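The values are calculated or read from the model by the stated rules, or taken from the named source; none is laboratory data. Source: prediction; values computed, not measured. Glycine gets a Cβ as well: all are built from the backbone with ideal geometry, and neighbour counts include every protein chain shown. Just the protein is used for accessible areas: all its heavy atoms, side chains included, with ligands, DNA and RNA removed. Shrake-Rupley method; radii C 1.70, N 1.55, O 1.52, S 1.80 Å.
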Amino acid sequence: MVFRKLPGVSASGMGLRLSQKFVFLLFLSGLVTLCFGALFFLPDSVRLKRIFLSKTESQPVTVGSGSENDAREHSKRPKDQEHAPRGMTSAKGETSTKLRSLSRKPSVSHEATEERLAGGKAQEDLTLPRSRAESASERATPSEHGANPDTYSYEKFRGCLLKPPLGRDSGRPSDPKTNERREKVKEMMKFAWDNYKRYAWGKNELRPLTRNGHIGNMFGGLRGASIIDSLDTLYIMGLMDEYNDAKEWVQTSLDLNSNGEASLFEVNIRYVGGLLSAYYLTGEEMFKKKAVELGEKLLPAFNTPTGIPRGVINLGSGTSWSWGWASAGSSILAEFGTLHLEFVHLTELSSNPIYTEKVMNIRKLLNRIEKPHGLYPNFLSPVSGNWVQHHVSIGGLGDSFYEYLIKSYLMSDKTDDDAKKMYYSALEAIEANLVQKSPGGLTYLAEWRGGILDHKMGHLACFSGGMIGIGADDGAPEKRQHYLDLAAEITHTCHESYTRSATKLGPEAFRFDSGAEATATRLSDRYYILRPEVIESYMYMWRLTHDPKYREWGWEAVEALEEHCRVEAGFSGIRDVYTMTVSHDNMQQSFFLSETLKYLYLLFSDDDLLPLEDWVFNTEAHPLPTIRTGCLQDKATQDKTVSE
């Protein structure tokens, strides 16, 4: 290259200036690079995590940090005994425990797990590898979310309740006859509890005939299901010695570091729900801390392409998969749709938004996809986000999804308009497609299979009388009385299923075809496993109408339970409600203590015991308080003003 000589500038001087400029530019570019690099590689940079996290990393999502999380990776769950979902009968002919919103298909067995691990289609890629684009919130620690479980003020929460949780006199009715009946239910609870404590303490459930404990494999190695499920029942009944024994066991013996296959749904409604309820009723911090710790262990189930959680999770490793019997590895509507109440409260207590984000993501997906005739089928792929089968049921597989829509609205102090819209739209579709009238004039909810009605109603669907009842007041003004009437008609039908049996207890499912009216026509549907759903609707309908027939119907159930289900060492389900020669199934379900006896006690109590203005019940009957965000914020502002 030839440089033209500039006037007055020597060749050597010009070279010097060029070299100085080159050095300066080099220095400047280095400085810019250094500053940019320092900004980019800040320690808490989400971008840094996304770029350098391995694609194949398979550690479970945790919300804690450091050694606390490491300690929580251990687990203990043995599989010494099969614990099939509710409504199923084991190979030995024993009716097993409840999965409230499953239609009680076979549970996860050791053999089924090995088959899945060998690459069976049911699991659809057991745990998906984490991608670099994975949401930062799934790896965030409490500090990154601003979470601090110690910032929740129990005193502010109590100040935002409209009424005392236990009422003026613990709900004691003034009528002597009603109070006598309430005391009888309390005696039944004490009898069931005392025998559990004597023969099955620390196990999940009592086998009253053989007088030993049952562990099962539904809870991932967690123990004491009957203890957790009983905490709030014992407390509201004033059985304080028994409550204190239960509290001490939770404090000293509830080991959350388990390592086994758990139902996400069952652990959430029984354990998380039971611990949350115990905290809100008593203010014991230990319950809150354990609820949040267990909630963290459930988060890896949401690590799917859609954010729809799988139904089974190993609480130790965080690995999750779908139920082996679920069509094409699908997730179940009533399972992933029955997390909202508990997860919103986990966010409230921990100040960690991740729990609410997870359940709101589920709702967004459901709003986005097409619903056949406005209905929600029971099976959804967690991979594609599409419906797998067009089977719709308000009983098993679907039930508590609808329950949690209206209860989410009520629990939000009627501010969750999205839940309200979803609920009433679903109810409209249910009325148009599923609500039927029998030749004998009974109103029932049929099941829908790809457009073909199956004229069967399960015991599990009998909760819907209470659900439609509590939602009646917030429907369209011209439909409010209609909804209350519909709730009463469904509750009447479920009562009929009880009165038409020899034992005056209802079957697992009853039909309305071939001349049958609210009667089980198949041998496999004739059992009763201490279920609460019919009594649940009695309680709600009593609270809403004060029609005395609901208390009478409840007392009929008490007498039938005493005559046919009470044995020397507890209560047991029966295999055939249509014969007076009773055959017991040797299982005192934990939900009998949590739901059946609690709803009976509330039925015979005044309305100010757990008033519905302040409390909603999760699907295991654990009361959770209405969240009055405005009130809590006002009290926080007042406290701040005072402190200044």
Can we say Ile269 is touching a Pro at 6+ places or on another chain (Cβ under 9 Å) and closer than 21 Å to Gln588 by Cβ? no
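Residue by residue, here is whether (1) more than 21 Å from Leu366 (Cβ to Cβ); (2) assigned to a helix (DSSP H, G or I); (3) out of contact with any helix residue (DSSP H, G or I) (no Cβ under 9 Å at 6 or more places or on another chain); (4) in contact (Cβ under 8 Å) with a residue 40 or more places away in the chain holds:
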{"residue": "Ser317", "(1), (2), (3), (4)": "yes, no, no, yes"}
{"residue": "Gly324", "(1), (2), (3), (4)": "yes, no, no, yes"}
{"residue": "Ala328", "(1), (2), (3), (4)": "no, yes, no, yes"}
{"residue": "Ala334", "(1), (2), (3), (4)": "no, yes, no, yes"}
{"residue": "Val344", "(1), (2), (3), (4)": "no, yes, no, yes"}
{"residue": "Thr347", "(1), (2), (3), (4)": "no, yes, no, no"}
Which numbered condition trips up Glu536, out of (1) touching a Lys or Arg at 6+ places or on another chain (Cβ under 9 Å); (2) open to solvent by less than 20 Å² (accessible area, probe 1.4 Å)? (1)
As an exercise: evaluate Met237 against (1) more than 26 Å from Leu624 (Cα to Cα); (2) under 28 Å from the mean Cα position of the chain (by Cα) and give the number of the one condition it does not meet. (1)
Conditions first: (1) within 30 Å of Pro173 (Cα to Cα); (2) open to solvent by 10 Å² or more (accessible area, probe 1.4 Å); (3) touching a Lys or Arg at 6+ places or on another chain (Cβ under 9 Å); (4) not in a loop (DSSP other than H, G, I, E, B). Asn244 passes all but one, so which condition is the exception? (3)
Could you name every one of the helices (runs of 4 or more DSSP H) located completely within segment 545-644 that has at least 2 residues being without any contact (Cβ under 8 Å) to a residue 40 or more places away in the chain and open to solvent by 30 Å² or more (accessible area, probe 1.4 Å)? 549-560, 629-643
Looking at segment 220-231, is at least one residue among the polar types (S, T, N, Q), in contact with a Leu (Cβ under 8 Å, 6 or more places away or on another chain), open to solvent by less than 20 Å² (accessible area, probe 1.4 Å) and over 21 Å from Leu346 (Cα atoms)? yes
Which one of the conditions (1) closer than 21 Å to Thr596 by Cα; (2) crowded, with 23+ Cβ neighbours inside 10 Å; (3) free of Cβ contacts under 8 Å to residues at least 40 places away in the same chain; (4) of a type outside the set (Ser, Thr, Tyr) does Lys203 fail to meet, given that it meets all the rest? (2)
Flagged in segment 390-443 as open to solvent by 10 Å² or more (accessible area, probe 1.4 Å), among the polar types (S, T, N, Q) and more than 21 Å from Glu496 (Cα to Cα), in numbering order, are Ser412, Thr415, Ser425, Asn433
So, in segment 327-355, exactly how many residues are more than 19 Å from Leu256 (Cα to Cα), over 13 Å from the mean Cα position of the chain (by Cα) and modelled with pLDDT of 95 or more? 9
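Which residues, counting only those in segment 446-459, are open to solvent by less than 10 Å² (accessible area, probe 1.4 Å) and of a type outside the set (Gly, Ala, Ser)? It would help to see each step written out before you state the result.
So in segment 446-459, the residues open to solvent by less than 10 Å² (accessible area, probe 1.4 Å) come out as 446, 457, 459.
Listed by number, the residues that qualify are Met457, His459.
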Cross-chain or 6+ apart pairs with Cβ under 6 Å, segment 236-263 first and farther than 21 Å from Tyr196 by Cα, then open to solvent by 50 Å² or more (accessible area, probe 1.4 Å) and in a loop (DSSP other than H, G, I, E, B): Asn257/His74; Ser258/Lys76; Asn259/Lys76
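Using the structure shown, decide if Met188 is under 24 Å from Asp169 (Cβ atoms), of a type outside the set (Asp, Glu) and in a helix (DSSP H, G or I). I'd like the intermediate steps shown before the answer.
Numbers: under 24 Å from Asp169 (Cβ atoms): yes; of a type outside the set (Asp, Glu): yes; in a helix (DSSP H, G or I): yes.
Answer is yes for this residue.
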